[in-house]
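Here's the structure we're looking at; comments come further down.
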Amino acid sequence: MSFPFSRPAALAAAIGTLAAVGLTACGGATHAGTKAAAATTQAAPAAHAHAEAPAAAAQPAVATSAVTIDNFSFMPAAIKVKAGTTVTWTNSDEEPHSVVSSEEPMKSHTLAGPNNTFMHTFSKPGTYHYNCGIHPFMHGTVEVTA
Amino acid sequence: MNPANPDDAFNSELSRRRFLRHAAWAGAAVAVTVTGGVVTSKVLGQGSPAPKAEDFTFVQISDSHIGFTGAANPDVTKTFQSAIDLVNGLPARPDFVVHTGDLTHYSTNEQFDQVKQMLSTLRTGQVLVLPGEHDSTDDTGEKYRQFFGAGTQGDGWFSFDHRGAHFVALVNTINLQKLGHLGPDQLAWLQGDLKRVSSETPLVVFSHIPLFAMYPDWGWGTDDATTALGFMRRFGSVTVLNGHVHQLMKKVEGNITFHTAAPTAYPLPHGGDGPAPKPVVVPAGQLHQALGIRQAHLVPGRHGLAIADQELPS
């Protein structure tokens, strides 16, 4: 049997503006959990909006150059350092994490096991958002002062 | 491939024995079929219609996380092998097997190599693969595509036609900022790909991260899925099969039915259950119940696919 799944791409037409299809969150969805048969209904906020401002931004920045990754969170989530400071992230979760940012050219290796720290020096003042590349809902900020 | 009777795909041995007893008693052949959890039977024999060519099954497996070593599953290779054995023991060989991502836990060459070798032992017509975010932990999918990217486009997306149905495999695990992300290049490709497919054609879509808003706070959604789903609204029947969330869930949105899949590695909590989507440690001896494989049966004229999820054996 052959699967012709490598067909030349059809013309890449410009994506027209589509009527927003209201995808309501999980109301009415059924969980068929293999263990728990009971159906669960979740009230999740509507998605498909672009990522909101990270929750980290709302918290006061802590003056430290050390961030711990614990329980799928950057702790503290918001830090404040002086320009020229090297910030160290340490993953203390069993799960692998990473540190990536589009605002500062920063992309860590996979923080896991014995290779669980990452360091980056911030030279320019500003506020930089970053996230975990594997679990992108994990957010943090680095505020760099002159 | 020409299965004698694709309906046999869902026959269990018990059903076969009942069928034989029943047939002897009634003097007529009765085929027992389980589709979508509903048992039906029909009389075969002279004048019964031949199985339609479009009636076929395929298998979905997901989230194997080869390389994971946590307490939630001390031996992910063993449970992945168990899933493969389960597929290979099915009464009817599936037309193809699709793995919907998170093949590996750390995206190393060794882990990709191991997964590829294990997948090659599947008794099926073809093995199809798409990446999860764990398959690009320290790059943007380059290593993944060296192993599994042949014949795909962009980040590894592809489409194909099979027995009257159209299949699309999307990649929404690269360059993530909070949720899953398809990106403008893939959306343009998808729009062009679907343009030439008639609305009557059954459409089946694979992705790793859900295309519906299952639990956005944990990243269980795709930020530009609305555009992709918009291209699919005109189709009579759309089924979207994904992985990522390590649990079964079904959701219907108009013409589109979403089914999330069980993993072969370890369970995750229901969305919002606890502080984070951390691997769940279940009591000893119960892990296999949280893991599984999925058979999908395409029946012409039926809305959507008949889905049969099956736990791994103990």
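Scanning region A:118-140 for residues being part of a loop (DSSP other than H, G, I, E, B) and not aromatic (F, W, Y) gives a total of 9.
Going by the conditions given, is B:G243 more than 10 Å from every other protein chain (Cβ to nearest Cβ), of a type in the set (G, A, S) and touching a His at 6+ places or on another chain (Cβ under 6 Å)? Here the answer is yes, as B:G243 does meet what is asked.
Being open to solvent by 30 Å² or more (accessible area, probe 1.4 Å) and of a type in the set (A, V, I, L, M, F, W, C) is true for just one of B:V245, B:V282, B:V299. Which residue is that? Before you say what the answer is, go through the steps one by one.
On the way: B:V245 fails: open to solvent by 30 Å² or more (accessible area, probe 1.4 Å); B:V282 fails: open to solvent by 30 Å² or more (accessible area, probe 1.4 Å).
Just one listed residue meets the conditions, B:V299.
Condition check ((1) part of a loop (DSSP other than H, G, I, E, B); (2) within 18 Å of B:F96 (Cβ to Cβ)) across all residues:
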residue: B:S159; (1), (2): no, yes
residue: B:K178; (1), (2): yes, no
residue: B:W189; (1), (2): no, no
residue: B:V197; (1), (2): yes, no
residue: B:T201; (1), (2): yes, yes
residue: B:L211; (1), (2): yes, no
residue: B:L229; (1), (2): no, no
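Do we find that B:A262 is crowded, with 24+ Cβ neighbours inside 10 Å, facing chain A (nearest Cβ under 7 Å) and either of a type in the set (F, W, Y) or touching a helix residue (DSSP H, G or I) at 6+ places or on another chain (Cβ under 8 Å) (or both) in this structure? Yes.
Residue-wise test of (1) crowded, with 21+ Cβ neighbours inside 10 Å; (2) touching a Gly at 6+ places or on another chain (Cβ under 9 Å); (3) free of Cβ contacts under 8 Å to residues at least 24 places away in the same chain.
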site: B:D63; (1), (2), (3): yes, yes, no
site: B:S82; (1), (2), (3): no, no, no
site: B:R93; (1), (2), (3): no, yes, no
site: B:G101; (1), (2), (3): yes, yes, no
site: B:H105; (1), (2), (3): yes, yes, no
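Output yes when any residue across region B:225-238 is within 25 Å of B:T124 (Cα to Cα), of a type in the set (A, V, I, L, M), in contact with a Gly (Cβ under 8 Å, 6 or more places away or on another chain) and facing chain A (nearest Cβ under 8 Å), and no when none is. Checking region B:225-238: not a single residue is within 25 Å of B:T124 (Cα to Cα), of a type in the set (A, V, I, L, M), in contact with a Gly (Cβ under 8 Å, 6 or more places away or on another chain) and facing chain A (nearest Cβ under 8 Å).
The values are calculated or read from the model by the stated rules, or taken from the named source; none is laboratory data. On a predicted model such as this, the values are computed, not experimentally measured, just so you know. Neighbour counts are summed over all protein chains in view; Cβ atoms, including those assigned to glycine, are modelled from backbone coordinates with ideal geometry. Please note that ligands, DNA and RNA were not included when accessible areas were found on the heavy atoms of the full protein model with its side chains. Shrake-Rupley method; radii C 1.70, N 1.55, O 1.52, S 1.80 Å.
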